[in-house]
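The values are calculated or read from the model by the stated rules, or taken from the named source; none is laboratory data. Worth saying up front: this structure is predicted, and the values here are computed from it rather than measured. Cβ sites come from the backbone with ideal geometry, for glycine too, and all protein chains shown count toward neighbours.
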Amino acid sequence: MYSKNKIFTLTDGHSSITGERVVIVVLYADFRDFSAWTIRQAAGNVASLIKIEYERVIQICNDHHPCFHKFLGDGFLLLWENDEEFTIDVCLRHALDAAFHAHKAYFYAAQDLSRSFVPPTGIGIGISLGEAIRIQPETFLQEMNEVDFLGYPMNCGARMQALSGPYGTTLCSSTVRLIQNNADSFLYPATPSFRRILHPPTPSALEKAKICNGLAEADRTRFMHLTWPDSPFVVQP
């Protein structure tokens with residue numbers, strides 16, 4: 001939160017935080033080599049890229065219905081919560097579709113941006129699922145009372161994202177297991193336009209996973225990459 005010159009809204013609330021365990025699917029996305037890219041770019045170019053990111057994320061939220069989203073500067077996260085309406089299978093299908101549309105949207109946006117400057121090479125995406133804790137703070141400052149999520153899937157999803165190359169998508173071992181247990185449903189082999197393929201970890205990703213802090217052993221070795229072989233964008237597994 002940017003608080004310079006901000007006047008906060010006082011509430012009558014008590015200072016407390018409540019928590020509840022929930023099952024989630026979380027998607028992290030991040031521009032590749034963004035920090036180095038910003039050094040070479042005018043501030044206006046960086047702002048143009050982020051504007052497009054915001055617009056595309058809003059569209060993805062409208063189409064794929066995450067219950068929570070957060071902008072992270074040069075990236076964003078989307079989160080689906082398992083409940084009576086959204087089973088874990090439905091959550092994961094939305095996440096996989098959102099990953100595809102995030103890559104596709106950036107592919108076409110980058111073509112437009114390249115008329116003015118060289119944009120980043122792509123975004124990397126990580127998807128993780130599991131049990132997290134949803135917290136609801138109640139403080140004396142209304143602006144601070146925002147729902148947030150904590151726990152292993154949040155950390156794991158961010159690490160999976162770091163293992164992805166431009167236009168790449170990496171899935172944690174729990175996500176892979178759910179997909180493999182119902183491959184006909186999740187991978188759509190009979191529908192080429194939506195066909196998905198799982199790939200084993202690349203050697204470079206395995207090396208990076210070895211030194212990722214906080215990853216469970218299964219997620220160091222049994223994560224996989226997801227591609228869309230009929231997509232318009234170039235995929236890096």
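Quick check on S116: is it among the polar types (S, T, N, Q), in contact with a helix residue (DSSP H, G or I) (Cβ under 8 Å, 6 or more places away or on another chain) and either outside any helix (DSSP H, G or I) or exposed (fewer than 12 other Cβ atoms within 10 Å of the Cβ) (or both)?
yes
So, in the stretch 42-66, how many residues would count as being in a loop (DSSP other than H, G, I, E, B) and of a type in the set (A, V, I, L, M)?
Of the residues in that region, 1 qualify.
Looking for something on the phi < 0 side of the Ramachandran plot, surrounded by 12 or more Cβ atoms within 10 Å (Cβ to Cβ), at pLDDT 90 or above and hydroxyl-bearing (S, T, Y) - is there at least one such residue anywhere in the stretch 204-214?
To start, the set of residues in the stretch 204-214 that are on the phi < 0 side of the Ramachandran plot comprises 204-213.
Okay, now just the ones that are also surrounded by 12 or more Cβ atoms within 10 Å (Cβ to Cβ), so 205-206, 208-209, 212.
Still in the running and at pLDDT 90 or above: 205-206, 208-209, 212.
The next check asks that each one be hydroxyl-bearing (S, T, Y); those that pass are none.
No, the conditions are met nowhere in the stretch 204-214.
Here are some residues: L150, L171, L163. Which one is closer than 19 Å to L77 by Cβ and loosely packed, with under 14 Cβ neighbours inside 10 Å?
After ruling out the rest, the residue left standing is L150.
Taking the criterion of being over 12 Å from the mean Cα position of the chain (by Cα) and either of a type in the set (K, R) or part of a helix (DSSP H, G or I) (or both), would at least one residue in the stretch 67-82 satisfy it?
no
Each row is one residue, and each column tells you yes or no for (1) modelled with pLDDT of 95 or more; (2) among the charged types (D, E, K, R).
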site	(1), (2)
R21	yes, yes
Y54	no, no
A99	yes, no
D112	no, yes
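What residue, of A105, A110, A98, is over 17 Å from the mean Cα position of the chain (by Cα), outside any strand (DSSP E or B) and either buried (at least 16 other Cβ atoms within 10 Å of the Cβ) or in contact (Cβ under 8 Å) with a residue 12 or more places away in the chain (or both)?
Matching residue, one of A105, A110, A98: A110.
Please give the number of the condition Y167 fails out of (1) at negative phi; (2) in contact (Cβ under 8 Å) with a residue 12 or more places away in the chain.
(1)
So, in the stretch 126-177, exactly how many residues are closer than 16 Å to C212 by Cα and aliphatic (A, V, I, L, M)?
The qualifying residues number 7.
Search the stretch 84-95 for residues being among the acidic types (D, E) and without any contact (Cβ under 8 Å) to a residue 60 or more places away in the chain, and hand back the single one that is surrounded by the fewest Cβ atoms within 10 Å (Cβ to Cβ).
E84
Please name all residue pairs, on different chains or six or more residues apart, with Cβ atoms under 6 Å, provided the first residue is in the stretch 183-204 and is free of Cβ contacts under 8 Å to residues at least 60 places away in the same chain and the second residue is among the charged types (D, E, K, R) and surrounded by 15 or more Cβ atoms within 10 Å (Cβ to Cβ).
Listed pairs, sorted by first residue: L187/R196; Y188/R195.
Out of everything in the stretch 7-41 that is without any contact (Cβ under 8 Å) to a residue 40 or more places away in the chain and in a loop (DSSP other than H, G, I, E, B), what residue ends up being nearest to K70 (Cα to Cα)?
So the residue we want is I7.
For (1) of a type in the set (A, V, I, L, M, F, W, C); (2) outside any loop (DSSP other than H, G, I, E, B), each residue gets a yes or a no:
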site	(1), (2)
G157	no, yes
G165	no, no
I179	yes, yes
L206	yes, yes
A218	yes, yes
P229	no, no
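So, S128, is that one assigned to a loop (DSSP other than H, G, I, E, B), surrounded by 15 or more Cβ atoms within 10 Å (Cβ to Cβ), at pLDDT 95 or above and within 13 Å of the chain's Cα centre (by Cα) or not?
no
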